[in-house]
Amino acid sequence: MKKLTPVTSSFIAAMLGLSLLFVGPAVAQPPRAPLMVEGKSALPLRVLTRPMSNLYQKADEKSPVVQGNLPAFSNYFVYTKPGGEKAALGQGWYEVGANDKGDVVGWLRADDVFEWLQTMCLAYTNPSGREPVLMFESRRPLEDLIKKAPTARAEGVKALYETIESKKIPANFPVVSVEPKLAVDIAKQFYLLPILDFKVIEMDGREGRLLELAAATAGGPGTREKSDIRTNSDYLGAASLTAADATRKNGENLTVEIVWVIDTTVSMSPYIAQTLQVVTDVSERLANQPDLSERVKFGVWGYRDPVEDIPTIEYTTKNYTPKLQSVADFVKTMGQVEETKVDSVDFPEDVFSGLNDALYQTDWRPDSLKIMVLVGDAPGHELGHKWNLTGLDAEKFHALASDKKVTLMALQVRPNGGKRFQRLAEDQFRTLSAKAGSELYFDVNSGDLDSFATATDLAVDGVVKLVAQALAASGAGGTSAGAGPGTNSGTNAGTSAAALLGGDGGQPAPNTAISGELAALLADDEAQDAKLSDKEKDFKANLDKALQAALVDWLGSTAEAQAPRDITAWAVDKDLTDSNMSSLEVRLLINKRQLDSLSTILSDVIKAGRTSGISGDDFFTSLQAASAMASRDPEKLSQAADFGQSGLVPEFLEGLPYHSRLMSINNDLWNSMSPDEQDNFVNMLEANVKAYQQLHNDPGGWVALNEGDDADDMVYPIPLDLLP
């Protein structure tokens, strides 16, 4: 049957409010205007369809169906909406149009849509180290809980979680649904948590947000089956699965890839040799563990400075491992990694080219747990420097790596002298290595090879033990003499490794079967800890936390954990038991056309900023000359109080409830900046554009919401950190 409505771009149009075309008979009447969002004068009210909804010719289910089985999250402008009691009960009908020009196309049942007030949505943060998000049926019980003193709140929250754990949920339970304990991979199991309403609150002296949200998925079996834990025991059971449960089922499939990114300039020679020694030691320990060694692969990239400007430096970056290698083969490869025989021109190196190439050009296995280890003694060139070839800084690269689920460790060697560069390198390395509320960062003074070796060994040993414990927990580790299934040969499997996988009292998971060699590898490491300095113990503790977070991500993706669906609820963006922990993060769904338009706008702003700095013109005068779009409405730009009112802001960014330095830029603020501050601001925008180029060209993060979607209709849930 020929489709009569324009809603074929599915979720893209829904999220971003694109103008859709509608071809129909001409109507000789004045165009109607859509309803506005309450409290707004220029923000039209829109609705998004739930899966398997129908568009009717009239507000009657017996009337002809204009289009059946609408794509999930199709976008419509609202011309008539339910009121009174029907609105309160979520009943009645919405008269909708394809655009805001009066092109009304039919009616949608209130039960088939939810109102979309702005274009942001939420995503769950990594669940490691925090409790699952509780989703309340109404606002008052959650608000009352938040207002309690921390001790009383903790008791109330504990009682709610205990009821959920019992799986005996009373009908009047205030919590309608709960986040799964396993991480939900939004790239594989796409879910949507659009913000319907929010309120800024204070929680233990910290700012938070009380949020009304809708939970929905893009389609598939059970997509309209409500995830109400009071009535849906199947969802409750799936949401209760733990990392230990998932490890017992999938632990034998865990593969980890460790890619070293090493400064290979003259000063790094001793540390390259020491890294080789650590890898050699690991190879000897794994010699009798072929199953384990095949599950841990290694790679290495070298980086220096731009070879185009310094030909004798030989390369900017070099991939020594086009295919990632087992540890035995990697020992031979590391023996070929050599430092350059010539000095760089200045102290910093092109660190970000090394990291960027390793992130995007390494031959990663699709379903591996991915780790990068940065080793260097110099900072990366700062934004705006001609030898920062990527145009990225530590913050932007960290956001890109986190988005690709890559855990980054940073080992800084502090040279003698160069205090300013040491501080810059430390700032960059700490930012790059932030993970799970801590930093996977370790620094050593020049010449302290013993401390460097210890940190390097802890990093590799922690990864190897993680894989060994996963094998043991899944029963894939073999059985030692006299040890039957479900035993652990009387051996303590290592407190930290067991803790990562949910073991009790330092013991492995209940169905463990461990070979003698594996048991030895997982032996209690208290003796090792006794030899560590406090600084090394802190690094090991942070390593355990980071590996736990990475493992939880991997297990959730492998188990295909599903987010709640087809409910509307209230939640808070902080962990109710620890307000230091964020439980929800804001993202913006965007397609390639919007990403390109955002890059174009930022490029115009960058050009205006550079021109203004040279010519002395005010910012908006320079922006009017730089932007082709500004010529369409120069008066609006000249009268704008700030960039947010300039008419240049893409529609999908208008009205978003987040703080943006770009939106607040005006002539007075621009003129109050020093030349260096102006330059830093423009460099920051250039880093955004570079990051958008990486997202645009990376197929891994783009999500098809409906079968048959064009590449241009796929969406990317961009983290808020990457918005200007």
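Rule-based calculations on the coordinates, nothing more; no lab input. Because the structure is predicted, anything quoted here is derived from the model rather than measured. When we count neighbours, we look across all protein chains shown, and the Cβ atoms used for this are built from the backbone with ideal geometry, even at glycine.
Values as computed for the structure displayed
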read-out: Sequence of Asp185, Asp427 once ranked by neighbouring C-beta atoms within 10 Å, starting from the fewest; value: Asp427, Asp185
read-out: Protection-proxy order for peptides 159-168, 394-403, 444-453, each taking the mean of Cβ atoms within 10 Å per residue, highest first; value: 394-403, 444-453, 159-168
read-out: Karplus-derived HN-Hα couplings along the stretch 131-138 (A = 6.51, B = -1.76, C = 1.60, θ = phi - 60°), whole Hz, x at Gly and Pro; value: 8, x, 5, 8, 10, 8, 5, 9
read-out: Net charge of Cβ neighbours under 10 Å - reference Lys199; Lys, Arg +1; Asp, Glu -1; value: -1
read-out: Spin-label pair Asp197/Ala541, simplified geometry with 7 Å Cα→Cβ offset, distance in nm; value: 4.3
read-out: C-alpha center-to-center spacing [the stretch 553-576, the stretch 143-161] in angstrom; value: 21
read-out: Proximal aspartates and glutamates relative to Lys86, as straight alpha-carbon distance under 12 Å, when same-chain residues fewer than 8 apart are discounted; value: Asp111
read-out: Reachable lysines from Lys465, criterion Cα separation under 16 angstrom, eight or more residues apart if same chain; value: Lys297, Lys370, Lys540, Lys545
read-out: Fewest-first sequence of Asp112, Asp305 by Cβ atoms within 10 Å of each Cβ; value: Asp112, Asp305
read-out: Pair Asp281, Lys318: separation of 7 Å Cα→Cβ label points (nm); value: 2.6
read-out: Gain upon complete extension [Tyr360, Ser269; 0.36 nm per residue less C-alpha separation]; value: 30.1 nm
read-out: Least to most buried among Thr312, Thr431, Thr264 (fewest other Cβ within 10 Å first); value: Thr312, Thr431, Thr264
read-out: Value of relative contact order over the stretch 93-223, rounded to a whole percent, pairs C-alpha under 8 Å and six or more apart; value: 26
read-out: In nm, spacing of pseudo-spin labels at Ser402 and Ala87 (7 Å Cα→C-beta vector); value: 3.8
read-out: All aspartates and glutamates inside 15 Å of Lys332 as judged from Cα atoms, apart from same-chain residues fewer than 8 positions distant; value: Asp281, Glu284
read-out: Alpha-carbon centroid distance for the pair the stretch 45-77 / the stretch 87-136, whole angstrom; value: 13
read-out: Label-zone membership for the stretch 567-593, site Glu207, 7 angstrom Cα→C-beta point, backbone N under 19 Å; value: 572-575, 579-588
read-out: Long-range amide H partners of Asp377 with built H, under 5 Å; value: Val413
